[in-house]
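Structure first, commentary second.
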Amino acid sequence: MRRLLARCLGWIKWSLLVLLGMLLLTQLWLLGWVLWWKWVPPQQTHFMSLRLDELRQKTPGAELKYQWVPYAQISPHLKRAIIAAEDANFVDHEGFDWEGIQKAMEKNQKKGRFVAGGSTISQQLAKNLFLSPTRSMVRKGQEAVITLMIESLWDKERIFEVYLNVIEWGNGVFGAEAAARHYYGASAARLNPPQAAKLAAMVPNPRFYDRNRNAPGLARKTAIIQARMPAAQLP
């Protein structure tokens, strides 16, 4: 009995060591990509890959609309609109907006369901680059680790530049340049304040708003964002 118990404990110990080793290798792999993307534009994020697979299940040969543009070639109106809509404290926090998280928890508790996440731009970027839209404690934990990597290795302007270029903005539409051309037939550099505010209002549910561009509430959200834009602080 003792010998069997010792064998079981030994198996458990080695299994834990293997799992820890795999976890460490995964984090090092993620860290490597974070370092690479500090200087090199992402060609495709994990989120893009998931959406492309979905599109090709319905339309073989489908392609994403995605075109990287440098930070300077994105309208300051869109930058202000996104900050105003998604993360007003972006330039001040270190990846996590604890006040925003607390407010989101209170809102969810009041509604009795998940209606707000309190995620910062850095957290959203971590999810888009490496993870999936599904919600779980494991995914949130990994998101937090990647967020710390990004905030430690990139400056705020780089974080915002990558975010603006890779977030989803419609059915197969990713990034500011593709969004500007998809909705307005213009470059991201030429977006005016109302256009920028409307694009920012679409971010929480982009595929729905792509299909329902005059959806109830979208004009109200756009107006609120546009009113907040002058106060937005840019990196």
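Computed quantities for the displayed model
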| item | result |
| --- | --- |
| Check on ILE167, within 25 Å of HIS77 (Cβ to Cβ), open to solvent by less than 10 Å² (accessible area, probe 1.4 Å), touching a residue at least 12 places away in the same chain (Cβ under 8 Å) and in contact with a helix residue (DSSP H, G or I) (Cβ under 9 Å, 6 or more places away or on another chain) | yes |
| Single condition ARG181 does not satisfy, out of (1) out of contact with any strand residue (DSSP E or B) (no Cβ under 7 Å at 6 or more places or on another chain); (2) within 28 Å of ASP92 (Cβ to Cβ); (3) modelled with pLDDT of 95 or more | (2) |
| Those residues of the range 83-113 which are open to solvent by 80 Å² or more (accessible area, probe 1.4 Å) and modelled with pLDDT of 85 or more, in sequence order | ASP92, GLU94 |
| Unmet criterion (only one of (1) closer than 27 Å to TRP39 by Cβ; (2) touching a residue at least 24 places away in the same chain (Cβ under 8 Å); (3) touching a Leu at 6+ places or on another chain (Cβ under 8 Å); (4) among the hydrophobic types (A, V, I, L, M, F, W, C)) for VAL203 | (3) |
| Filtered residues of the range 187-211 (kept if in contact with a strand residue (DSSP E or B) (Cβ under 8 Å, 6 or more places away or on another chain) and hydrophobic (A, V, I, L, M, F, W, C)) | LEU199, MET202, VAL203 |
| ALA215 vs. criteria over 20 Å from the mean Cα position of the chain (by Cα), open to solvent by 20 Å² or more (accessible area, probe 1.4 Å) and free of Cβ contacts under 8 Å to residues at least 60 places away in the same chain | no |
| Of residues in the range 13-37 being open to solvent by less than 80 Å² (accessible area, probe 1.4 Å) and over 30 Å from GLU157 (Cβ atoms), the one modelled with the lowest pLDDT | SER15 |
| Test: residue in the range 72-82 that is within 12 Å of PHE174 (Cα to Cα), out of contact with any Pro (no Cβ under 8 Å at 6 or more places or on another chain) and open to solvent by 40 Å² or more (accessible area, probe 1.4 Å) | no |
| Top-ranked residue of the range 48-92 - restricted to ones that are acidic (Asp, Glu) and in a loop (DSSP other than H, G, I, E, B), ranked as nearest to GLN226 (Cα to Cα) | ASP87 |
| Members of the range 47-66 that are loosely packed, with under 14 Cβ neighbours inside 10 Å and in contact with a helix residue (DSSP H, G or I) (Cβ under 8 Å, 6 or more places away or on another chain) | GLU63 |
| Number of positions in the range 116-147 that are of a type outside the set (Val, Ile, Thr) and assigned to a loop (DSSP other than H, G, I, E, B) | 9 |
| Residue check, GLY217 at pLDDT below 95 and at positive phi | yes |
| All positions within the range 141-164 that are open to solvent by 20 Å² or more (accessible area, probe 1.4 Å) and in contact with a Leu (Cβ under 7 Å, 6 or more places away or on another chain) | GLN142, MET149, LEU153 |
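The values are calculated or read from the model by the stated rules, or taken from the named source; none is laboratory data. For clarity, every value in this text was computed on a predicted model and none was experimentally measured. With ideal geometry, Cβ positions are generated from the backbone for all residues, glycine too; neighbour counts draw on all protein chains shown. Only protein heavy atoms, including side chains, enter the accessible area calculation; ligands, DNA and RNA are left aside. Shrake-Rupley method; radii C 1.70, N 1.55, O 1.52, S 1.80 Å.
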